[in-house]
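Below: one structure, written as structure tokens.
The values are calculated or read from the model by the stated rules, or taken from the named source; none is laboratory data. Given the structure is predicted, the values throughout are model-derived calculations rather than measurements. When we count neighbours, we look across all protein chains shown, and the Cβ atoms used for this are built from the backbone with ideal geometry, even at glycine. Note: accessible area is taken over every heavy atom of the protein model, side chains too, but ligands, DNA and RNA are not part of it. Shrake-Rupley method; radii C 1.70, N 1.55, O 1.52, S 1.80 Å.
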Amino acid sequence: MKNTLLLSLLLSVAAHADTLHLFNGKDLGGWKIADFTGGGTVAALPDGSVECGFGNPMTGIAYTNPVPNMNYELSLQATRVEGGDFFVALTLPVGTNACTVIIGGWGGSLCGISSIDYMDASENQYSEGINLENKRWYTLRVRVTPGVFQVFLDETLYTARVEFEDTSRFSLRTGSDIDKTLPLGLATYRTRARWRNATLTPITTLTPNDKPRAE
């Protein structure tokens, strides 16, 4: 029994050995404040979270270290402290392209992906209106594998699964300045938010859901 538990523990540790913690819990090391016109303040808090202040209209940060563009999972926790619009605009690479996962946009409830087939999160079929509460922590998880892009908010509260043959299906919303958070970044819109426990983990073994269903 002890040997079985030890083996299980070792396998779990090995599976997460390459997980990268994107926030160091002390400062904004590894990040820069995005150059948004009218951007608000961004600060690392004593509890290890990062607070992104109100922008006019947007505030955000961009990761300054290299990131993968395929076969990875990004996870983070986020809360909207004040405001009524998106408290997560997670921009991330998909092959040679990029897109933005929006949580709480367009008046506070829309969750979606900007952009798919050049349609933003308010226009494409992968969006959904969700009742999102201020001061509640949500967990967002995104998996990017060849041919499949998956989003999970609190695992089942909002989900999206996009199959693709070419990463050109993904793009950034035109005219939004969200490209200032490339290659990997976070932003808010007239909203004060906090983010914590952001991790990036390589995907070394594909699950059935990580593969196009036609295969």
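The combined condition, being within 28 Å of THR41 (Cβ to Cβ), part of a strand (DSSP E or B) and open to solvent by less than 40 Å² (accessible area, probe 1.4 Å), is not fulfilled by THR139. Against the definition (open to solvent by 10 Å² or more (accessible area, probe 1.4 Å), of a type in the set (D, E, K, R) and in contact with a strand residue (DSSP E or B) (Cβ under 7 Å, 6 or more places away or on another chain)), how does GLU163 come out, yes or no? Judged against the criteria, GLU163 is a match. From the list ASN209, ASN197, the lone residue that is within 29 Å of PHE36 (Cβ to Cβ) and open to solvent by 70 Å² or more (accessible area, probe 1.4 Å) is ASN197. Go through the stretch 48-74 and count every residue that is more than 28 Å from THR96 (Cα to Cα) and of a type in the set (D, E, K, R). Summing the residues that are more than 28 Å from THR96 (Cα to Cα) and of a type in the set (D, E, K, R) in the stretch 48-74 gives 1.
Of all the listed residues (ALA34, ALA98), the sole one being in contact with a Lys or Arg (Cβ under 8 Å, 6 or more places away or on another chain) and at pLDDT 95 or above is ALA34. Counting only strands (runs of 3 or more DSSP E) that sit completely within the stretch 60-134, those holding 3 or more residues that are over 14 Å from the mean Cα position of the chain (by Cα) and within 15 Å of ALA187 (Cα to Cα) correspond to 72-83. Note on the stretch 67-109: among residues that are charged (D, E, K, R) and surrounded by fewer than 24 Cβ atoms within 10 Å (Cβ to Cβ), the one that is nearest to THR205 (Cα to Cα) is GLU73.
Being of a type in the set (Asp, Glu) and buried (at least 16 other Cβ atoms within 10 Å of the Cβ) is not true of ASP117.
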